[in-house]
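First the structure, in the form of structure tokens, and then the observations on it.
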Amino acid sequence: MNNLVGENGYDRSAWDRGLDCINSILDPGSATHDALTEKQRLGLKELKAMMLSGTSEGSVKKHIPQALLDSSDNSSSAFLLAEYGGYTRPSALNSMNKVFSAQKVALKFKKVALRQLRRQSSGDMNSFGTNIPKYWFDLDKKSQLKLRDLLSWDNISRWDFNIFDVDEVLKGKNTLVFVSWAIIAAPHAQYSMDVACSQLPDCSTEEVEDTKTREGYNFISELKIREKTLIRFLEAIEEKYNAEVSYHNHVHAADVTQSLHVLLQMGAKNFTEERLELFSMLIAAVAHDVGHTGLNNSFHINSRSELALVYNDVSILENMHVSTMFRMLLGDTRDRRVDIFENFDDEQTTKARNFITKAVLSTDMQKHFSKLNAIKGIIMGADDVGIMLANDLPKDLCLRIEILTFIIHLADISNPSKEKKMATVWTDRILDEWFRQGDLEESMGLPFSPLCDRQTTHRAKSQIGFINFVVLPSYELLGRLIPRVETEVVPILHENIKFWEEQNKLSSE
């Protein structure tokens with residue numbers, strides 16, 4: 001397998017070679033550059049820009065006639081843009097959202113007033129015991145103290161954080177709830193656990209540090225997220241994960257959320273200036289595999305399952321996951337008690353929903369190489385799109401979203417980049433899930449999906465190929481955007497490749 005890498009350009013895609021060709025033609029001072037007219041050079045630059053747009057929806061505008069984009073005839077041009085170009089002018093959307101928001105102003109004020117009355121009658125909403133997952137009270141004193149320490153801001157922000165330690169303390173229950181709450185509700189979550197632990201017998205009576213001096217995202221105060229609503233939402237999401245599934249369960253969702261959080265702290269958060277985008281990224285990680293039954297898209301397509309028919313064989317599971325979440329929040333059967341968007345205006349809700357949908361759909365593994373090329377293009381064309389990779393943000397919103405959703409995708413495939421003991425546990429879990437699918441495929445007379453035949457799949461080789469061709473190139477690329485990834489994560493991948501190569505040798509002897 002390794003002989004395919006680095007020889008004769010075989011490790012480069014047609015996309016890479018095509019972009020290199022355009023770059024060489026446009027190289028200032030070259031014979032080709034000087035031979036082209038200004039109009040020809042502009043045309044090549046626009047073609048390159050379209051390639052760099054990758055899978056982002058920003059490329060949609062590039063196919064629309066400029067005269068239509070510039071048209072002042074709002075009624076007809078808006079229809080043509082939306083119906084035949086899939087593009088909605090931001091101003092039109094904002095106007096529509098303002099109308100909807102105006103219709104709800106009275107209701108919003110009523111809800112706020114009722115909430116204030118409830119607070120006055122029942123005490124401060126943030127007092128101890130009201131904003132902590134209820135399963136906390138089923139734990140013994142020793143487990144509460146250990147969980148508090150495991151979910152401290154410093155510990156949960158480490159790449160070597162062990163999700164299985166948390167799962168063990170919680171006895172396999174509410175792992176997603178507690179880990180996600182500790183991240184998304186920080187610093188309030190850590191404050192609540194410290195207060196709770198300070199009231200335990202024989203514990204230190206030192207004054208608990210105030211939330212104002214603690215680190216955290218502060219979504220609770222800055223986005224007006226009700227912590228009790230967030231906890232109920234997390235509980236409802238975890239209930240929809242299938243605990244019987246070996247890999248794609250609530251523990252995996254918790255691990256992806258924590259891995260994403262660490263990448264954000266390493267520097268990924270510098271690629272967004274909006275707290276709403278950060279919140280949406282983390283919520284997307286929480287829900288990205290909700291409802292997974294342990295059967296992949298290949299199985300659904302080959303078996304012509306109901307889901308495959310509903311979603312026309314396109315990102316079947318990913319569409320189902322994001323749909324499951326939004327039916328809880330926005331559908332006809334929505335539960336207002338879990339509505340984390342309850343204090344958002346319509347524009348914020350629309351932005352959050354659009355971002356979360358794109359993020360979850362980006363976790364479709366079949367999109368990996370095109371997603372990787374899109375990020376390569378953004379980096380290679382940094383001067384064109386005005387990106388200063390060290391500190392500045394992409395000027396183009398769609399390019400920024402492309403980077404952020406790529407980071408979520410990498411959190412989803414981060415298992416091989418973790419400490420060896422954790423990486424091997426995840427390997428065995430995913431292989432067990434795949435082999436169960438393979439057994440079902442065999443019983444149904446369906447072809448085996450890749451790596452699902454327990455008789456022919458080799459444990460070590462499966463990881464060597466996965467790391468060499470998928471995970472390592474992706475994290476090396478991310479390291480160009482986030483230097484800490486290059487120094488803290490990439491070396492672990494190299495160590496794990498050596499481990500799996502040694503395992504492969506031992507099994508061959």
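Read-outs: derived from the displayed coordinates by stated rules, not from any lab. Treat the numbers as computed from the prediction; the structure is a model and nothing was measured. Quick reminder, even Gly has a Cβ in these numbers, built from the backbone with ideal geometry, and neighbours come from all protein chains shown.
Charged neighbours of residue 361, selected by a Cβ distance under 9 Å, balance to 0 (K, R count +1; D, E count -1).
Counting only aspartates and glutamates at least 8 places from residue 39 when in the same chain, those with an alpha carbon closer than 18 Å to its own are 27, 384. Counting 0.36 nm for each residue step from residue 16 to residue 305 and taking away their Cα separation leaves a gain of 100.4 nm. Quick one: of 224/351; 146/421; 134/420; 367/418; 141/420; 212/240, which pairs are farther than 25 Å apart, Cα to Cα? Pairs exceeding 25 Å: 134/420; 141/420; 212/240. Placing unit charges on the Cβ atoms of the charged side chains and taking the dipole of the stretch 124-361 about its Cα centre, the candidate lying farthest along the positive direction among 344, 356, 305 is 305. Computed from point charges on the beta carbon alone (+1 for Lys and Arg, -1 for Asp and Glu), the dipole magnitude for the stretch 179-267 about its Cα centre is near 440 Debye.
The residues 362, 303, when put in order of fewest to most other Cβ atoms within 10 Å, stand as 303, 362. Dividing the Cα radius of gyration of the stretch 124-361 by its Kirkwood radius returns 0.98 for Rg/Rh.
Other residues with beta-carbon under 15 Å from the beta-carbon of residue 451 carry, at +1 per Lys or Arg and -1 per Asp or Glu, a net charge of -2. The length gained on full extension between residue 209 and residue 31, counted as 0.36 nm times the residue separation minus their Cα-Cα distance, comes to 57.4 nm.
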